[in-house]
Amino acid sequence: MDNLTRNQHFISQVEQRSNCIDKSRPKDKQRIYKFEIVDRENYVVRLTDTIGVKIKTNLSFDDLFSLDVKSSKLRKNLEDYFQRFEMDLVQATDLLISESKVNSDGDVLRDAAERVYKAKFMGWIRNPYLIARTIDMFVGLKGMHPTDPLLLTHFSDIRAGTKPHLTGVCAMFGVTSEQYFQWLEILFLALMTPPGATKSILESTIEKLIESEGNMCHLIVATFDDIPGYRVSLPDTSYLQGTDDPNHNMFLFNLGRSAFAVFNVVNLSKQTLVDIPPRMMKQVGSYNISFSAQHHHHNLSLLERFNKLAAYQAHSHIFCADPNIFGVTTI
């Protein structure tokens, strides 16, 4: 877990580069436009820089995920855990988009969807603007620790390791030191793969969510012509929530500057979308409805809804490959 990475991104450079202004530029020089939320209720944002901000230093914080800063160069952090998911994201996203254009179900599409969802869910729980929400979501992990001696040693550094960044992190993201420690513990436990196991808790959670009896999983992939004026925004919270219904999980994720995905998981026995006769309610819980998907191309009403939702739900900023965001008022 030791490495030299000090500048640690909470929205990966891979995701930001897929939303960059000019993909032909070298990676270390790529930029993205940054917008400050001015008026959520009326979807008004302000462009902060006319040339954009550098991706290599954007949406990051020094030593955010470091368990123990050993020197000015060396630290123990969670970067290796994150890279397991990030390395597969571009390929999985490309496959998801291409497969959704020609199929509405099938193992290839389902596998691509799971891979993307795992990477996006990892990005969600590692977002420091969502620390309190992540702690509530994984309350079952509170007080747990690895049983493997080596993993336990690393895990113990979350509270015992040197953290010169602690005060700055807590001030920047509005949390207490105890919340920060709990969050790092959740990330460690959710992303580690114990000896002898093949999957992390996060991976198993996503698979169970999608494959459980009584749940219906439906994916919407929206793509757009990759031309100026019709670009998808990227919120600083990593994800968007489409409904408050506890029996209908709807999560929206940016897939790049010209695509986004909507993951829906509905509890069939408790949902309120469709009226089900009382005599059938007991049977619904045992239904195993296969994964399904639909693809939309250049549906501008969908793009407007996504971008407005981003302006409404982001913590303080949204990002885009265009200096003016479609469906949102830019000043």
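The values are calculated or read from the model by the stated rules, or taken from the named source; none is laboratory data. What you are looking at is a predicted structure, and each value in this text was computed from that prediction instead of being measured. When we count neighbours, we look across all protein chains shown, and the Cβ atoms used for this are built from the backbone with ideal geometry, even at glycine. These area figures cover heavy atoms from the full protein model, side chains too; ligands, DNA and RNA do not enter into them. Shrake-Rupley method; radii C 1.70, N 1.55, O 1.52, S 1.80 Å.
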(message) So, in region 295-307, how many residues would count as being open to solvent by less than 60 Å² (accessible area, probe 1.4 Å) and either hydroxyl-bearing (Ser, Thr, Tyr) or assigned to a helix (DSSP H, G or I) (or both)?
(response) 6
(request) Read through the list (1) surrounded by fewer than 16 Cβ atoms within 10 Å (Cβ to Cβ); (2) at pLDDT below 95, then give the number of the only condition that Asn215 fails. (result) (1)
(request) Among the residues of region 195-212, count how many are open to solvent by 50 Å² or more (accessible area, probe 1.4 Å) and within 29 Å of Leu64 (Cβ to Cβ). (result) 7
(message) Based on this model, can you work out whether Ser290 counts as exposed (fewer than 15 other Cβ atoms within 10 Å of the Cβ), touching an Asp or Glu at 6+ places or on another chain (Cβ under 9 Å), under 20 Å from Glu207 (Cα atoms) and at pLDDT 55 or above?
(response) yes
(message) Within region 124-178, considering only helices (runs of 4 or more DSSP H) that don't extend past its boundaries, which have at least 1 residues that are of a type in the set (Ser, Thr, Tyr) and crowded, with 19+ Cβ neighbours inside 10 Å?
(response) 131-137
(message) Against the definition (in contact with a strand residue (DSSP E or B) (Cβ under 7 Å, 6 or more places away or on another chain) and at pLDDT below 95), how does Arg84 come out, yes or no?
(response) no
